[in-house]
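As structure tokens, the structure follows; a few thoughts come after it.
The values are calculated or read from the model by the stated rules, or taken from the named source; none is laboratory data. Note that this is a predicted model, so its numbers are computed, not measured. With ideal geometry, Cβ positions are generated from the backbone for all residues, glycine too; neighbour counts draw on all protein chains shown. Only protein heavy atoms, including side chains, enter the accessible area calculation; ligands, DNA and RNA are left aside. Shrake-Rupley method; radii C 1.70, N 1.55, O 1.52, S 1.80 Å.
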Amino acid sequence: MPGGVEFTESADTPRSHIALRIIAQDPSVKGDDDKILTATVRIPWSRMEDGPRGARLHVVDFDASTGRYLKHPGLPNDDEFADAEDEELETSHVFHAQQVYAAASRTLSAFESALGRRLAWGFNGHHLYLVPHAFAEANAYYSFEDRALLFGYVPGDDETVTYTCLSYDVVVHETTHALLDGLRRRFLEPGLPDQAAFHEGFADIVALLSVFSMHPVVEQALGKADKNGRIKRRQVERDHLRSGVLTGVAEQLGKVLTQGRGALRRSAMTPPPPDWAELPQYEEPHRRGEVLVAIVLDVLLDIWVKRLEPLLQPDEEARVATLDRARAAEEGARAAAQLLTMMIRGLDYLPPVEFEFGDLLDAVLLADAEVVPDDDLGYRDMLIDRFDKAGVERPRNRVTNVVEAEVAPHYLGFNFAALRSDRDEVFRFLWQNAQRLDVCTKYYTVIESVRPSQRVGPDGLIVPEFVATYVQMLDLSAGELRQMAELATPETLDPATPVQLLGGGTLVFDQFGRLKLHIHKNLDDWRRQLRRLEYLHRTGRYDTDKRLGFSEGAARGQAFAELHNTELGAGEAW
Amino acid sequence: MSTVERVRVRMYQVGFGDCFLLSLEYDEPLQDGRAERHVLIDYGSTRSARKDRAKGRMKDVAPLIREHTHGQLDVVVLTHRHKDHLFGFADDAGAATLRILEPKLVLRPWTEDPSLPARADGPASGAGAMVAGPDGIGAASARFARNLSDAQEAAGQLAARPGLHAGLKAAADEQLKNADAIALLDELATQQAGAYLFAGCDAGTANLVPGLEVTVLGPATVEQDARVARQTEEHTEYWMAALRASLHEAAGPATTARAGAESTVPVGPGPVRWLIGRLGEHKTHSVARLVRKLDDALNNTSLILLMEVGGLSMLFPGDAQIEDWQHTLDRIAGDAELKKKLTGIDLYKVGHHGSRNATPRSLHALWADRSDTLPPLTALMSTRPDVHGGSEATAVPRATLVTALKQVATLISTDDLDRGQAFVEIVAETTGGPFRLAP
């Protein structure tokens, strides 16, 4: 440009986001053009180093089976794989690095924007390692101790290799484990069966909704369109959306993890039997987690169907009516994204210990009411209805609305700035107000987290809060528990067995530092404690010192490796 | 015509392993002049018994079997190809004794049939993939068996790798093909007769052991029950193929690198080196999982035999785990006769030495609901604690199962025998149970 000025952006100008192409499901899922179905996703921009290595994620392409290490360049601002052919996507380890980085980054970003703050991983550190080719095994898992997500691969007979890292949902599922572990680390401790199911079920929910929030996936799943891009009305009828579209996508997920997860997903597609809570096979974490997945997918359908209503002409004859496939897909993707945000937002309102399904319903409703007081589309009612149909009720007396409580907490002598960031200050607050909050101080008590959050409601206004969690612990023998609770412990349980009990609560403060909500699981809820004890004893979940309720006793880094080994005969093992 | 009067079952102390002798006693001599018939079910050990118990070496057990059979064996059953069920066939003293006893029929699961691989070139998917041959076995089963056999070979290579983690080596060793033992069984089967069984087929014992009715409940072939191969629609035996390929990769030399992925950069000090240092342990865990899956797969080739003699019935499931049982569990729902039979058994050989996933809870539930009019159930468990399972949850025998079995049966474990007891012997009249300890 003679004499002029170059106005093109310099390559290293920071941007807020970069767009990257990823495989939308896994390489076996093809689009209309019979090529691998891909999508372009926006992820937060970060300064890049080799690895690739950004601010929060670090890809280490080391294969422990073969001992080879590949260092890939940092992700460029302009996607190198925007027009790459399928073969390159499948075989290029550089692309594999991009796939895991982008999928994990998109997941982190979904959590951060829903919760309105930066999120910590479950471990002490800022970089989550992503190992795209960790070992030759059809397995993928999160290892807390190694601060890593490990993705295996399956070597094939004829140079064809199946990579778990190329399955978008697998990467999202594992990333969710790392995030949930950061939010509620006590959920990995021995608890009631819902608790183990929560990690699996919620990770599946995030994976499914995340896949479903990509337009190309929904478009593809809706089925073939005519030359004008229109589909028949019956293709968006509720039954077809459930059995054809959603099931179709769900069945394609997790296939590479050969342990029957694909097959089990099918059961997530159908509502659980009414007596599921009584059936032994529903004690297996994956199977139980699917109850949550099934509920949330039904809500997704409800929202989608509602959002499709304006697109349908009521007076048109159903047989000939058509609608634009891209628009229908957009509504589905938007429904998934909204529901995902809603579910993640609820996490801050969960109690810190002893998760039960009803707690999730409660938490999502509470969080949603803060941000979207009106709920004009009735999403909350849909959620209540679907949980209710699955036999999950809102727990009673677990949440105290402190603002409306007869006796307000003391605030005198508290420093707002300290209260919103300092665990000791929050502990002082809890100590001073113990009686007013009905918190028994006889037990070991610790503030585990104090976290600010800022969220934008649909009206564009910011909802600032901060949330603190405290945990209480008590070590005693089964016999002592029997005396304290004045309730019978299982007959076959040795009264000398050491037992650890947990309780705790979540404190939600508003922007003035006033306590709004106290969500609690009291340690001295003896009936719950005995239910937990009975469950742990009956299922033989003793640690190596023959204690109950202390730890799960898995080898280092292996807590999640085994969880993915779903047994075909769930509920048949001892 | 001779009829069976009495059934005697002996469980030998073999440490960790299985070795059972089923003896039928007739009221008068059969055609060959003998008034008894003997069926040996498994003949193995991987670890001698704990302190203060009879050692249970095969060289000690073999003479006892010779004595108890009076020198003639009618049927040998190998439930599946694991050392703790067949080591005796490879042991010098054990093999010599078996040659002398000259069993007339050798029964093994269908996956052991050496003629299978020859037919493994059928379609991998689509029409024809799941069509059984006249013997109930089709191409998908053949491929499954070939992959399984190949995976065992990989485990063998793995076990031979120098510097392998000791626990892993021990686990891999248990998956070896045990060629010597199989060679002896082949030899015996060739001299007399042999059969490879699958669910529903005739065991062919009617003439050899009059009065004994054998129902083969498992293993199913892939054609009979696709879950055997845990197949997906596109890829009929993906699971086993994946396991085989992964084990081969793990067994290969560490320098193997796939084309296009050779460039290895030196790793200097820093976070990457920290992680790489720790990933080695994950590889060990990963390979251990693969070996365990192979172990499970082999256990799931176990013959599940329901043996009925007069008013007595006995269940010998080898090491069948839930996947092997699944075919039968599904049938129970719609087959009242089978359900009644399994509810009313007199003897249960505890599956897989009392591991957590070899006695299906729904089977146990049948026994918990038994009517009081049925004679009490006896359970025989050949096991040794502290051999398998690193945690309470995976320990063999599993404490919760042992407790549950004691609630529904008289449980006799080899681990409860003392130094002077090289075997335990129970006996029952064919008019009806219960079995009782032989005086």
(1) touching an Asp or Glu at 6+ places or on another chain (Cβ under 7 Å); (2) open to solvent by less than 30 Å² (accessible area, probe 1.4 Å) all hold for B:L185 apart from (1)
Filter the stretch A:186-195 for residues that are outside any loop (DSSP other than H, G, I, E, B) and of a type outside the set (K, R); the one that is most open to solvent (accessible area, probe 1.4 Å) is A:L188
**Prompt:** What do you reckon, is A:F95 among the aromatic types (F, W, Y), over 17 Å from the mean Cα position of the chain (by Cα), farther than 20 Å from B:I276 by Cα and assigned to a helix (DSSP H, G or I)?
**Reply:** yes
Of the conditions (1) more than 14 Å from every other protein chain (Cβ to nearest Cβ); (2) open to solvent by 30 Å² or more (accessible area, probe 1.4 Å); (3) among the charged types (D, E, K, R), the single one that B:E392 does not satisfy is (1)
Flagged in the stretch B:33-55 as over 23 Å from B:M314 (Cα atoms), in contact (Cβ under 8 Å) with a residue 60 or more places away in the chain and under 19 Å from the mean Cα position of the chain (by Cα), in numbering order, are B:T46, B:R47
For the stretch B:330-344 the number of residues that are in contact (Cβ under 8 Å) with a residue 24 or more places away in the chain and outside any helix (DSSP H, G or I) is 1
The condition from (1) in a helix (DSSP H, G or I); (2) within 18 Å of A:A203 (Cα to Cα) that A:F355 misses is numbered (1)
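Could you please give the count of residues in the stretch A:154-185 that are assigned to a helix (DSSP H, G or I) and under 19 Å from B:H282 (Cα atoms)?
8
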Residue set B:R81, B:R57, B:R66, B:R53; condition more than 16 Å from B:F423 (Cα to Cα), open to solvent by 10 Å² or more (accessible area, probe 1.4 Å) and either in contact with a helix residue (DSSP H, G or I) (Cβ under 9 Å, 6 or more places away or on another chain) or not small (G, A, S) (or both); output residue B:R81
Over the stretch B:334-362, the set of residues open to solvent by 10 Å² or more (accessible area, probe 1.4 Å) and within 14 Å of another protein chain (Cβ to nearest Cβ) is B:H352, B:R356, B:N357, B:R361, B:S362
Flagged in the stretch A:433-465 as touching a residue at least 12 places away in the same chain (Cβ under 8 Å) and within 30 Å of A:D376 (Cβ to Cβ), in numbering order, are A:R451, A:P452, A:S453, A:Q454, A:R455, A:V456, A:G457, A:P458, A:V463, A:P464, A:E465
Listed by first then second residue, the pairs whose first member lies in the stretch A:534-549 and is more than 10 Å from chain B (Cβ to nearest Cβ) and over 17 Å from B:L401 (Cα atoms), whose partner is open to solvent by less than 30 Å² (accessible area, probe 1.4 Å) and basic (K, R), with beta carbons under 8 Å and at least 6 positions apart or on separate chains, are A:G549/A:R532
Contact list, first residue from the stretch B:264-291 and farther than 30 Å from B:R244 by Cβ, second anywhere and part of a helix (DSSP H, G or I), beta-carbon distance below 9 Å, six or more apart or interchain, is B:V267/B:R273; B:V267/B:I276
Of the residues in the stretch A:25-69 that are among the polar types (S, T, N, Q) and more than 9 Å from chain B (Cβ to nearest Cβ), the one that is least open to solvent (accessible area, probe 1.4 Å) is A:Q25
On the given criteria, is A:R394 open to solvent by less than 60 Å² (accessible area, probe 1.4 Å), of a type outside the set (A, V, I, L, M, F, W, C) and closer than 30 Å to A:I303 by Cβ? no
Picking from A:E189, A:E219, A:E200, the residue that is in contact with a Ser or Thr (Cβ under 8 Å, 6 or more places away or on another chain), more than 28 Å from B:R273 (Cα to Cα) and at pLDDT below 95 would be A:E189
Picked from the stretch B:302-324 (must be touching a Leu at 6+ places or on another chain (Cβ under 7 Å) and either within 16 Å of A:W574 (Cβ to Cβ) or β-branched (V, I, T) (or both)), the residue nearest to the other protein chains (Cβ to nearest Cβ) is B:I322
